[in-house]
Structure formats: structure tokens, C-alpha cells
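Chemist: This is the structure, below, for whatever I ask next.
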Amino acid sequence: MAVGPRVLEVAGAPHAGHLRRLREWVEQEHVFGYGLILPAILLLVCLVAYPFGMAIWFSLSDYWVGSPGPFVGLANYRDILGNEVFRQTVWNSFVFTAIAVALKTVLGVWLALLLARNLKFKRLLRGAVLLPWVIPTALSTLGWWWMFDSLYSVVNWTAIRLGIMSAPGPNWLGQASYAMAAVIAVNVWRGLPFFAITVLAGLVAIPREYYEAAEVDGASAWLRFRHVTLPLLRPVIAVVTLFSTIFTFSDFNIVQVLTRGGPVNSTHLFATLAYQVGLFGGNLGQGAAISLFLFPMLAAVVFVQLRYIRRE
Amino acid sequence: MITGVRSRGAQRRSALFAYANLVPFVFFALFPFYFMLITSFKSNAELYNLKSIPFLVESPVVEHYGLLFFRTEFLTWMKNSLVISVTATSISLVISILAGYSLARLRYRGVGSFGLAVFITYLVPPTLLFLPLSQVVVSLGISDSIWALIVTYPTFLVPFCTWLLMGYFRTVPREVEECALVDGASRMQTLWRIVLPMAVPGIVCAALFSFTLTWNEFTYALTFISQTANKTAVVGVTADLIRGDIYYWGSLMAGAVLASVPIVVIYVWFLDYYVSGLTAGAVKG
């Protein structure tokens, strides 16, 4: 507050001495630095940290849309943990994340190895492979929804014609395990490019001499991959896998569009259940408690990342 | 890949092997788009005919696009998406350029913790905070308007862009900056005239990613807006073409195709920026 009158004076009467002093003050590295970071910090405090605090408060109170309720301690958590649907959701989330991330990692490394070759149409191939990652997920999931339609599924049509399936084929989105498979397939489809392109960047950075040396030593393609490529790629793969774990675990779009958590809650993830309970059902307290279950996973990933970065 | 050691024949065989293995991946990546496109041109009679071959269109029709344009507010949704994406991207870019420069270049107390804070919020998934944010938006009096999204989108754009830009700012040689300062330029002038022009590729990259992320965003757009006229293209197409038990499949696909067009156009134009931004965002993390 003591600065107030001085600033006003400067604004009112452009006194050369004051102006210069203000300029000198701003030119100091720390003042300038704080000034530049201030808008970002304000934004993060008001719209990330504060809502996070609110989420915790909601989860500890009987809060409904439009009617803030009293503090109820851990009652929401107790209710949730005793709820069959929630336990199903926990199980779904781990199955979904584990299978999807594993598939994306293996296929992603394989695809990156293929793309790293010096092929014709290199740019075109990369462009094509990256496309699912760029198109709005909710919209491309609409396409998948139609492809998994109970009556007109093109997947079943093709598989039946090829003799892989017998007549009607599975009702993809209507049977529990098939629905989970469908949701995982779409997630892998959409997330694979991120893995492939990032691992590819790591691959390109490996000095060619390493391979030449290994080849001179008579190492086969598999041995070169196992003892040269893989160890050097490990940091990149670790980072990408961690990233993907968070964003797969907290996925919303694909499940919300494809199954809405059904059939009979067999594909609900934390985010979709939180949406259904918190907004659809209006129970913000329980909804917030459900979405806060994403936090331990986030914390774990951040912890591993930081330890890992520190080691670098 | 390694010339001189292996014979020509072996090289050709290995290239063939790579192409053959890439075919399923490319097919997997592109087939859904092809299928959406052809579905959007099929007449209902053909669409719901179990005997027709699903991969082909016998007689293309544009009636689904007609329904989209004349019986829904598709054009309004597209306009909303455009306004929201451009505004949120611009705001986020300004904030991120300042923050990114500050974190990458200036030394002051707490710079490390600020960097850490930005990194952690970069990893916070939007689905963790959408419930309280929906209430914040209500108390700001902007719920159910496009402002709800313009205000909240920077929460994930700023951490991302700041992180991306920090990498680019670090590549600008310190000496250039110091020269300008010694010559009497102010710090702001140095940032504006010297550092920014050298970081243009990074800024383009951040702008492209921000635009794409906002255009594609679904969770907040679905949660904060319920009025048809204020929806974004992605939510409008997903939500308003299913009326009760009736699914307008043809129009759903038509809407999905058209609402993706702006992103596809930008993507084709700036492919290399996408590739470099994608890798920079994660690898430097």
C-alpha cells in the first residue's frame, strides 16, 4: 500500500525522476520475473488450486446441485466404498488402464520401429498414423459407436464374411466383457499415435554408430533391439507410459460417448461415474469424492516423474 | 538403414517387411474415418439394409448434411467453437509466453517451485476438477455461456503451452539477450524484439496445439453448457442428433466429419509442427 501514492504521482505527473526509478525497479531481474509469472500463477490459484480445495470440501459435505449442505465428515467416502457400483468402477478402471496402456506400449514401440526406417512416403505414413490423435475424440468415437452397432456392426459383418465369427456375432456394446474390449480398442486406437511418435523421436536420437558397432560384432536384429535400442529407449518409454497412465485412468470422452458406463456399469470409470452421480444425479458431494479417487494415481505418477527427472 | 554392411537384396527385403507390417496400422488408423465419411453419404434405405455391402456407397445422397444445416444449429455450434478456440488460445498464449520466458530465463527466488507447480498442473486431468469448476462457473455468473469455456480452458492450456515454450526459450542463446540489454534495451523490449522472433516455431506450435485441444474438448463443454445455441460443435453433434430413441446415424456421421474438417485442414498444413510439439511436450517432461 505504501507504493500507492508514488504510483499515482507517476501516473498523474510524468516526473522524469520517478519514471526512471519505476523503470529501474521493473528492470530488476526478480521483479520482472515475478511480474511475468503472476498472471499464470493467479490463473492456477483461482481455477486449479481453489477448485481442488472445493472438491475436497464438497466430498466432505452433503452438497447437492443448488443446495450447499452441512459438513458430514467421511460419510460420502464410506457410502461410496460400500457401494457395489463404485467397487465395480475401481476394478474397471484398473483393467481398462492396465490393458490399454500395455497394448499402447507394445504396439507403439513396434510401430515406431517400423516408422523409423528410411521409407518412401515417410511423411505421409506418419501423418496418417497420427490422425486419430488429432481428430476430436468424441466425434471419432461416434464413428466407432456405429461400427459397434448391435445390428449393423461392420466389424461383425466383416468377421462373419471372413468366417472368423458365427452368424449374429457379439453385441459389442451390450455385453459386459465385449463392451470393455470395445472401449479399450477405441482408447488404444486413439492413444497409439502419441506413443509411436514420441518413441520414434527417441529412436531417431540414438546414434547410428551404436548399431554399426553391434552389427560388426555380428549381433542379430533381435539382439540389436534387445541390447542397444531398448536400453536407450527406456527413459522415453517410461515418460510416455506414465503420461498415458494418468490420462487413460482419467478418461471420460470415449466411455461417455460409447457406453455411458453400461451395460450395467461394466465400463464405468471414475470420471464417468463422477459425472453421472455428481451432475446427472445432482449429488456433488459424492461425485467430488469419486473424482478425487483419481488423485492418488496422479500423485503417484508425479512422484515417479520427479524422482526420475531428478536422476537425469 | 545401415548402408554398406548389408547387401542390396537384404535391404529391399527389409523395406518390404516394414511396408507389409505398416499396412495393418495404417488401415486401423484410417478405416474409422473412411467409414464415417461413406456412412454420411448413404441414404437411410441403404444404411439400414442388412444385405448391402457396408464398405461402399451405392447411390450417394446429401440429405444427412441437409438435416444438419437446416434442422439443427450446426452453424451456430461451429461459430461457437471457433470463437471459443481463438479466444482461449490467444489468452493462454499471452499468459504462457510471459510465464514460459520467466521460468526459462530469469533467476529469482521461487522460480523452481513455480516451474514445479506448472508441471504438476500440466498433469492434472480435467476430469479431476470438472465438478467444482462447474460451481465456480455458476458463481461467476457465466454458466451456460461460451464464457464458461473461455475462462476455464486456459487452466489446461497455460500449463501445457508454458511447458512447451520453456523448451523453445531455452534454445535462444543467452549472449544475444545480454547484448540487447547491454545496448540499453529494456527487458520487455528484449523479450519482444529479440527472444520472441527466435521462438516463433515454438509459438506456432503452442498455438496449434491449443487450438486443437480447445476445439476437441468434450468434458467441460458437455458439463458447463446445456443451452443448444451455446454448445460447441463437438458437443452439439454428439448430443443433439440423438433424440430420445431415434439416432440420426447419417447426420451424426455428417456432423462428425464436418466438425473435424477445420482440425484436419490445419493438421495437414502444419503436420511437422504437430509431430515436433507432440514429442517436445512429452520428452522434455
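No lab work stands behind these numbers, since they all come straight from the coordinates. Just so it is clear, the model here is predicted, and its values are computed rather than measured. Please note: Cβ atoms are built from the backbone with ideal geometry, for glycine as well, and neighbour counts cover all protein chains shown.
Chemist: Provide B:Cys205, B:Cys179 in ascending order of the number of other Cβ atoms located within 10 Å of each residue's Cβ, fewest first.
Modeler: The most exposed by this proxy come first: B:Cys179, B:Cys205.
Chemist: Here's something else I'd like to know. So how many Lys-Lys pairs in the protein assembly as shown land under 26 Å Cα to Cα, not counting same-chain pairs under 8 apart?
Modeler: Going through the protein assembly as shown pair by pair, I get 6.
Chemist: Of B:Lys79, B:Lys231, A:Lys120, how do they rank once you tally other Cβ atoms within 10 Å and put the fewest first?
Modeler: A:Lys120, B:Lys79, B:Lys231
Chemist: Next question, about the same structure. Order of B:Leu68, A:Leu298, B:Leu241 from fewest to most other C-beta atoms within 10 Å? Walk me through the numbers on the way to the answer.
Modeler: Values: B:Leu68 28, A:Leu298 18, B:Leu241 25.
Fewest-to-most Cβ neighbours within 10 Å comes out as A:Leu298, B:Leu241, B:Leu68.
Chemist: Let me ask something else. Mind checking the angle between helix B:74-105 and chain B's longest principal axis? C-alpha axes, 0 to 90 degrees, to the nearest 10.
Modeler: Around 20 degrees separate the two axes.
Chemist: Report, by chain and number, residues whose modeled amide H sits under 5 Å from the one on A:Ser61, excluding near sequence neighbours (fewer than 5 apart, same chain).
Modeler: A:Val72
Chemist: Counting C-alpha atoms alone, how compact is the stretch B:81-229: give Rg to one decimal and Dmax as a whole number, in angstrom.
Modeler: 17.3, 57
Chemist: Among residues other than B:Asn80 whose Cβ falls under 15 Å from its Cβ, what is the net charge (Lys/Arg +1, Asp/Glu -1)?
Modeler: Once all neighbours under 15 Å are counted, the net charge is -2.
Chemist: Taking the alpha carbon gyration tensor of chain B, what are the square roots of 5 times its eigenvalues, largest first, to the nearest whole Å?
Modeler: For chain B, the ellipsoid semi-axes come out as 41, 31, 16 Å.
Chemist: Once the protein assembly as shown is represented by equal point scatterers at the alpha-carbon sites, with solvent omitted, what log10 I(q)/I(0) does the Debye formula produce at q = 0.08 Å⁻¹?
Modeler: For the requested q values the scattering log ratios are -0.63.
Chemist: Would you compute the Debye intensity of the stretch A:35-116 from its alpha-carbon atoms alone, equal scatterers and no solvent, and pass along log10 I(q)/I(0) at q = 0.24, 0.27 Å⁻¹ to two decimals?
Modeler: -1.06, -1.16
Chemist: With springs only between Cα atoms under 10 Å, which of B:Leu271, B:Leu106, B:Leu22 fluctuates most in a Gaussian network model of chain B?
Modeler: Sorting by GNM fluctuation, first place goes to B:Leu22.
Chemist: Just to compare against my own numbers: the Cα pair-distance distribution for the stretch A:121-209, 5 Å bins, whole % per bin, please.
Modeler: 3, 12, 17, 17, 15, 13, 10, 6, 4, 2, 1, 0
Chemist: I'd like to know which of A:Leu107, A:Gln256, B:Phe55 lies farthest towards the positive end of the charge dipole of the protein assembly as shown, counting +1 on Cβ of Lys and Arg and -1 on Cβ of Asp and Glu.
Modeler: So the residue we want is A:Leu107.
Chemist: Explain nothing, just the number: relative contact order of the stretch B:93-194, from Cα pairs under 8 Å at least 6 residues apart, as a whole percent.
Modeler: Answer for the stretch B:93-194 is 43 percent.
Chemist: So what's the back-of-envelope 222 nm ellipticity for chain A, counting only DSSP H runs of four-plus at -39500 (n - 2.57) apiece and dividing by all residues, rounded to 500?
Modeler: -22000 deg cm²/dmol
Chemist: By how many degrees, between 0 and 90 and to the nearest 10, does the Cα long axis of helix B:200-216 differ from the longest principal axis of chain B?
Modeler: 40
Chemist: To two decimal places, what compactness ratio does the stretch A:75-311 give when its Cα radius of gyration is scaled by 2.2 N^0.38 Å? Don't skip to the end; give the middle numbers.
Modeler: Values: Rg = 20.8 Å, N = 237, 2.2 N^0.38 = 17.6 Å.
Expressed relative to 2.2 N^0.38 Å, the Cα Rg reads 1.18.
Chemist: Another question, then. Tell me the volume per residue, in Å³, of the convex hull enclosing the alpha carbons of the stretch B:40-135.
Modeler: Convex hull of Cα atoms, per residue: 217 Å³.
Chemist: Cut-off 10 angstrom, C-alpha nodes, Gaussian network model of chain A. Which of A:Leu279, A:Leu42, A:Leu139 fluctuates the most?
Modeler: Among A:Leu279, A:Leu42, A:Leu139, the largest mean-square fluctuation in the Gaussian network model of chain A belongs to A:Leu42.
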